[in-house]
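The structure appears below as structure tokens.
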Amino acid sequence: MAILTTEGLTYIYSAGTPFETAAVDHVDLQIGEDLMVGVIGHTGSGKSTLMQHFNGLLQPTEGKVSLEGKDIWADKKMLREVRFRVGLVFQYPEYQLFEETVFQDIAFGPKNMGLSGNEIQRRVLWAADSLGLDRELLGRSPFALSGGQKRRAAIAGVMAMLPKVLILDEPCAGLDPKGRLQMLRQIRDYQKQTKSTVLLVSHSMEDVAEYTEKLLVMDRGRLFCYEDTAAVFRKVEALQEMGLRIPQIASLMLALRQRGCDLPEDIYTVPQAKDALVQLLRKGAVSC
Ligand SMILES: Nc1ncnc2c1ncn2[C@@H]1O[C@H](COP(=O)(O)OP(=O)(O)OP(=O)(O)O)[C@@H](O)[C@H]1O
Ligand SMILES: [Mg+2]
């Protein structure tokens, strides 16, 4: 069953002025449960604007957004629920920490949900552990943390609400390669454990190739496609036309296929490429 649905979703910034922009233009989508979804598209293609509709932060200029079949703007009660059931983490969320301690910051969402003290405590510890935040840090001021730790605290605060849908807008931006890899693995483990739907907005084709099952591709406000990750990376020319590229390893596989190597078409991650090449070498087909 679809958890998130949009019908004709359109959002226009600065309507009626010379700056009028249709940032999201008649988007129809059905996103399922228990999925890792990558959201890609050129800068300005409408990714963040679309994401902000999923938890009711922006109201459509036209069209509809539904959560589990119910229009999120149906009434105030629904909208309040949506804020808890769809967690949105903005780009650079570390600038939004404001409580006295890291614990209080992570507890902010669960507290607003009206959970018991015990449950809040349990969730804060679980979210901190899930993101590799040392429990020792929970009593400190968020401002005493490093940049990476602050980012983790901010994301933990949204994870601790255990939303059905977690949206992360560029969660790895600015992290070093090691921090980036850790963060992606932790996000994937969180998704597996909670069976929620995670939407990961990213400019890294490598990251979405490795960590997502579905890709939502935006192109100048329009939905280009919402399909299996493998299927999207087969659309090499269309992606290039909209200023995107396929992962480097997929380009290498394509080049090898063009030189006559018998390699399957849907290889777009390094581990897949390694397996396929080992098989090819075992068959003794090394002439390509
Ligand atoms: N607050 C705003 N006021 C006016 N126009 C805006 C505003 N925010 C975004 N836009 C415009 O809406 C369009 C979509 O922007 P959006 O930020 O959703 O794209 P994006 O795909 O998230 O880009 P990026 O990859 O750079 O984050 C762009 O043309 C952008 O200039
Ligand atoms: Mg954006």
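The values are calculated or read from the model by the stated rules, or taken from the named source; none is laboratory data. Values in this document were obtained by computation on a predicted structure and should not be read as measured data. Every residue, glycine as well, gets a Cβ built from its backbone with ideal geometry; the counts of neighbours run over all protein chains shown. These accessible areas exclude ligands, DNA and RNA; they are computed on the full protein's heavy atoms, side chains included. Shrake-Rupley method; radii C 1.70, N 1.55, O 1.52, S 1.80 Å.
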Practice task
Return the total of residues in region 45-83 being open to solvent by 50 Å² or more (accessible area, probe 1.4 Å), farther than 21 Å from VAL201 by Cα and in a loop (DSSP other than H, G, I, E, B).
Solution key: 6
Problem - Boolean, PRO18 is open to solvent by less than 60 Å² (accessible area, probe 1.4 Å) and more than 16 Å from ligand 2 (Cβ to nearest atom) - result: no
Handout entry: Enumeration of residues in region 255-272 that are under 19 Å from ASP207 (Cα atoms) and outside any loop (DSSP other than H, G, I, E, B)
Key = VAL270, PRO271, GLN272
Completion exercise
Taking region 204-226 and keeping only residues that are farther than 16 Å from TYR268 by Cβ and either in a helix (DSSP H, G or I) or open to solvent by 40 Å² or more (accessible area, probe 1.4 Å) (or both), one is left with ARG220, ARG222, LEU223, PHE224, TYR226
Exercise for the section: Report yes if some residue within region 227-243 is modelled with pLDDT of 95 or more and assigned to a strand (DSSP E or B); otherwise report no. Expected result: yes
Completion exercise
If you go through LYS192, LYS178, LYS164, LYS150, the only one that is basic (Lys, Arg) and within 15 Å of GLN91 (Cβ to Cβ) is LYS150
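Within region 84-126, restricting attention to residues that are in a helix (DSSP H, G or I) and either aliphatic (A, V, I, L, M) or touching a Cys at 6+ places or on another chain (Cβ under 9 Å) (or both), which residue is most open to solvent (accessible area, probe 1.4 Å)? It would help to see each step written out before you state the result.
Within region 84-126, the first condition is being in a helix (DSSP H, G or I), and the residues that meet it are 84-85, 93-96, 102-112, 117-126.
From what's left, either aliphatic (A, V, I, L, M) or touching a Cys at 6+ places or on another chain (Cβ under 9 Å) (or both): 102, 106-107, 120, 124-125.
On the way: VAL102: 1, ILE106: 0, ALA107: 6, ILE120: 20, VAL124: 0, LEU125: 38 Å².
Residue satisfying both the conditions and the ranking: LEU125.
Let's see how each residue does on (1) within 10 Å of ligand 1 (Cβ to nearest atom); (2) under 25 Å from LYS70 (Cβ atoms):
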{"position": "GLY16", "(1), (2)": "no, no"}
{"position": "PHE19", "(1), (2)": "yes, no"}
{"position": "LEU29", "(1), (2)": "no, yes"}
{"position": "GLY32", "(1), (2)": "no, yes"}
{"position": "LEU35", "(1), (2)": "no, yes"}
{"position": "GLY38", "(1), (2)": "no, no"}
Exercise for the section: Please state which one of HIS53, HIS26 is more than 16 Å from ligand 2 (Cβ to nearest atom) and over 28 Å from PHE143 (Cβ atoms). Expected result: HIS26
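Does region 174-192 include one or more residues that are in a loop (DSSP other than H, G, I, E, B), on the phi > 0 side of the Ramachandran plot, acidic (Asp, Glu) and open to solvent by 10 Å² or more (accessible area, probe 1.4 Å)?
No, region 174-192 contains no residue that is in a loop (DSSP other than H, G, I, E, B), on the phi > 0 side of the Ramachandran plot, acidic (Asp, Glu) and open to solvent by 10 Å² or more (accessible area, probe 1.4 Å).
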